[in-house]
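The values are calculated or read from the model by the stated rules, or taken from the named source; none is laboratory data. Predicted, not measured: the structure shown is a model, and the values here were computed from it. With ideal geometry, Cβ positions are generated from the backbone for all residues, glycine too; neighbour counts draw on all protein chains shown. The protein model used for the area step is the full one, side chains on, heavy atoms only, and it has no ligands, DNA or RNA in it. Shrake-Rupley method; radii C 1.70, N 1.55, O 1.52, S 1.80 Å.
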Amino acid sequence: LKSLRVIFDQELTMTDQLKNVKRKAYGNLINISRIRHLISKKTCLQLIHGLVLSTLDFCNSIYYDLPNEQLHGLQIALNVAARIVVRMQRFSRESITKVCIDLHFLPIRARIEYKICLLTYKSIKYGKPAYIASLPNRQYPNNSIALRSQYDTEKLEEPIISRARYSDRCFSFCAPRLYNSLPLLMRKMNDIIKFKKE
C-alpha cells in the first residue's frame with residue numbers, strides 16, 4: 001500500500017520504503033557530488049538539507065524501533081552527505097562522527113526520536129496536528145499519598161504495551177515514553193524554538 005509517498009508492506013517491516021528513500025537520497029547525493037567543486041560549502045549544505053535530509057526525514061517517525069541493520073543504509077547516506085559537504089575523500093579512514101557533530105547532523109535513530117518528541121510537544125502545547133492531538137493524555141495521580149512524581153504535571157500517560165507484534169511502534173505507545181524521558185525543564189518550555197534547540 002502506498003500512502004503519502006510512503007510504502008507499507010504487509011508485515012510493516014518498511015523494507016520497500018527504506019529502499020525507496022535510499023534510492024532517492026543516493027540519486028541526489030550523486031548529483032550534488034558532481035557539482036561540489038563548483039559551489040560553496042554554504043550552498044552545498046543548502047542542497048543537502050533541501051534534497052537529501054528532507055528525503056531522509058520525511059515521515060521518519062514510522063521507522064521508530066526498527067532494527068539497526070534496516071536503518072544502516074540511511075545512516076550511510078547521512079554520512080556520505082557529511083563527507084560531500086566537507087569534501088572528505090570517499091574512502092577516507094577519518095571518523096565521520098566529529099564532522100556530523102560540527103554540521104549538526106543528528107544520527108538517524110536520534111532524528112526519528114527527535115521528530116516524535118517534536119510532534120508530541122506540538123500536539124500538547126498547540127493542539128496541532130489535529131489528527132494526533134487527542135492521542136497523548138496527561139498523567140494524573142490516582143492515589144491520596146503525596147509523592148514527588150505528583151509535582152511533575154507534564155508527564156504523559158504511558159499505555160500498557162500490547163502483545164500485538166507492532167503495537168509498541170505506534171505513536172500512541174512510543175510518544176509518551178520518549179516525551180516522558182525528556183528532562184522536566186524541557187517539557188515545561190513554552191517556546192518551540194528553545195525546545196527544538198534543547
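Annotation: of all residues in the range 22-48 being more than 15 Å from Leu103 (Cβ to Cβ) and basic (Lys, Arg), the one that is least open to solvent (accessible area, probe 1.4 Å) is Lys22.
With respect to Asp16, is the statement that it is open to solvent by 60 Å² or more (accessible area, probe 1.4 Å) and touching a residue at least 60 places away in the same chain (Cβ under 8 Å) true?
The answer is no for Asp16.
Within the range 81-108, being touching a residue at least 24 places away in the same chain (Cβ under 8 Å), open to solvent by less than 80 Å² (accessible area, probe 1.4 Å) and not β-branched (Val, Ile, Thr) holds for Ala81, Leu103, Phe105, Pro107.
The helices (runs of 4 or more DSSP H) falling completely within the range 2-106 that include 1 or more residues that are within 21 Å of Leu118 (Cβ to Cβ) map to 15-35, 54-57, 68-86, 97-102. Restricting Pro107, Pro176, Pro159, Pro141 to residues that are touching a helix residue (DSSP H, G or I) at 6+ places or on another chain (Cβ under 8 Å) and modelled with pLDDT under 75 narrows the list to Pro141. Selection of first residues in the range 63-78 that are buried (at least 17 other Cβ atoms within 10 Å of the Cβ) and of second residues that are assigned to a loop (DSSP other than H, G, I, E, B), restricted to Cβ pairs under 7 Å at least 6 apart or on distinct chains, gives the following pairs, ordered by first then second residue: Tyr63/Met14; Leu66/Met14; Gln75/Pro107; Leu78/Phe105. Considering only residues in the range 186-198 that are in a helix (DSSP H, G or I) and in contact (Cβ under 8 Å) with a residue 12 or more places away in the chain, the one that is surrounded by the most Cβ atoms within 10 Å (Cβ to Cβ) turns out to be Arg187. Contact map, the range 169-183: residues that are closer than 12 Å to Cys117 by Cα and open to solvent by less than 40 Å² (accessible area, probe 1.4 Å) paired with residues that are at pLDDT 90 or above and part of a helix (DSSP H, G or I), Cβ distance under 6 Å, separation 6+ or inter-chain. Pairs shown: Ala175/Ile116; Ala175/Thr120; Leu178/Glu113; Leu178/Ile116; Leu178/Cys117; Tyr179/Cys117; Tyr179/Thr120.
Only one of the numbered conditions (1) at pLDDT 95 or above; (2) open to solvent by 50 Å² or more (accessible area, probe 1.4 Å); (3) within 19 Å of Thr97 (Cα to Cα) is violated by Val52, and that is (2).
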